[in-house]
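Each value in this text was obtained by applying a stated rule to the coordinates, not by laboratory testing. Since the model is a prediction, treat every value here as computed from it, not as a measurement. All Cβ positions, glycine included, derive from the backbone under ideal geometry; neighbour counts span all protein chains shown.
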């Protein structure tokens, strides 16, 4: 265990500096299904730089065209050190005759992170060289980088497994790197199988031999302990933490910096002892940074992610909501706004009047708490959720429901009828295709209009027909688009009740969710589409027809 921080003469705590090393662009790129472009890498690197991490590992120059191009024209970072990743010198080759080393030294980066084997089993089996040749490769590679004026560090791969099997050799790898001038020697739990108590014990032994201010930790999440292992290493004396945004990484992922950063800053055991390069203002952008990455990856954010997930500060139970309204500390371990998130008091059949009032207040709907319409609204919500509606994930539909209950939603238009035709036929090329055609009859201010739309499915065809001609409202919905469409079967069989959740957006970047429920999937989809258009008109301040 590391020593307590020093208290200065004026009573201020002298906190130790921890350094954050982000490997989203390199180790995170090993995540199945992820393939960053050069533009993606540049945007993520700038996002991490604004957040306040100390190192951004950009990738492996020379290993693939994307990483090579990225380092040929890297983004300009204000404070983070752009780091190139690569292997130590190959055994049997000189430094000057190793193309991998040459690519690292020529990359436009201010630091190099070498990966080296530190488990004797891997040295002899995977590398096929002697233990001494591996040590020479480590020291020679570090010296080559420092001679170029670059900051060098070494990721000691499989260190914890190597330590357990051959402690002496694993430590020899650390000494080879440190003695050659490496700024950091990083202890890697490459297989992700080491547990927190083991991490803390082993790191505590390591920092007796290599100063903790030169020791880093790199963990994987195969036992769901990557964050805990990183924090255990800090407690034991490590001073650099490696990880990825949103916990990206191969297999089960790497240590999640999106969880580690706020823990270091907001939990007193760490906040009182250590400081990092992330400011409180930057911490307030953490949720945004997390969502930027998800947007680049074209995937939905993990709702239950700690700190930044939509459910991280969500409360469904009525008694909990009542307590939170009195004092948020009753059910929140940190204020959500410190990480750029927000409190969500969900509307559901488990919620009560407190939830409804809290959500109405957040939506800017002023209402007397004793208004009898609130009780009727709550009864309506519970009745609808018994049918399959879920408003906790569809706040736009809830807002429309609430405003209708409070008589504050204009009657923009009314759908008289709609019809769907699905035809399977051969097209002009002789290919068998399925074509959907929708006809919608709408009343806008007493004017009856009929529109026809074609699409690649009945829902798309309905969407096209519905928005084709809304008269005076056409300009207001011109930038409306359907972003995502999810279907859930609530009961079994071919006559099952279906719930449809639609995510919509517009050119302002606003996103909203609407819901529809019916035994007929087309009808459920149409309900959600109607709510989406009505919500857009409401937010645009449209006047009633």
Report task. Could you line up 188, 129, 156 from fewest to most neighbouring Cβ atoms inside 10 Å? Result -> 129, 188, 156
Report task. Calculate the length of the line joining the C-alpha centroid of the range 16-31 to that of the range 82-132, in whole Å. Result -> 19
Query raised in the report: Going by alpha carbons, how many degrees (0 to 90, nearest 10) lie between the helix axis of 257-266 and the longest principal axis of the chain?
Result: 80
Requested in this report: Could you work out how far the C-alpha centroid of the range 474-522 sits from that of the range 195-220, in angstrom?
Outcome: 50
Query raised in the report: Ranked highest first by the average count of other Cβ atoms within 10 Å around their residues, in what order do 479-487, 281-289 fall?
Result: 281-289, 479-487
Query raised in the report: Where does helix 131-147 land angle-wise versus the long Cα axis of the chain, in degrees 0 to 90, nearest 10?
Result: 80
Query raised in the report: Rounded, prolate or oblate: which fits the range 78-204, taking a ≥ b ≥ c as square roots of the Cα gyration tensor eigenvalues, rounded meaning a/c under 1.5, else prolate when a/b beats b/c?
Result: oblate
Query raised in the report: How would you rank 359, 367, going from fewest to most other Cβ atoms within 10 Å of each one's own Cβ?
Result: 367, 359
Requested in this report: Pairs of Cα atoms under 8 Å, at least six residues apart: use those to get the relative contact order of the range 424-502, whole percent.
Outcome: 18
**Report entry** Peptides 369-379, 159-169, 110-120 ordered by average Cβ neighbours within 10 Å, highest first
**Finding:** 110-120, 159-169, 369-379
Report summary line: Where a ≥ b ≥ c are root eigenvalues of the Cα gyration tensor, a/c under 1.5 meaning rounded, otherwise prolate if a/b exceeds b/c and oblate otherwise, the range 459-507 counts as prolate
Query raised in the report: Taking only C-alpha pairs under 8 Å that are 6+ residues apart, what is the relative contact order of the chain in percent?
Result: 9
Report summary line: To the nearest 10 degrees, the tilt of helix 196-206 (Cα long axis) against the first principal axis of the alpha carbons of the chain is 30
Query raised in the report: Considering only DSSP beta bridges whose two residues both sit in the chain, what percent are antiparallel, to the nearest 5?
Result: 50
Report task. Would you please put 408-418, 23-33 in order of how densely packed they are, using the mean number of other Cβ atoms within 10 angstrom per residue and starting with the highest? Result -> 23-33, 408-418
Requested in this report: With a ≥ b ≥ c taken as the square roots of the eigenvalues of the C-alpha gyration tensor of the range 14-94, please select rounded if a/c is under 1.5 and otherwise prolate if a/b is larger than b/c or oblate if it is not?
Outcome: oblate
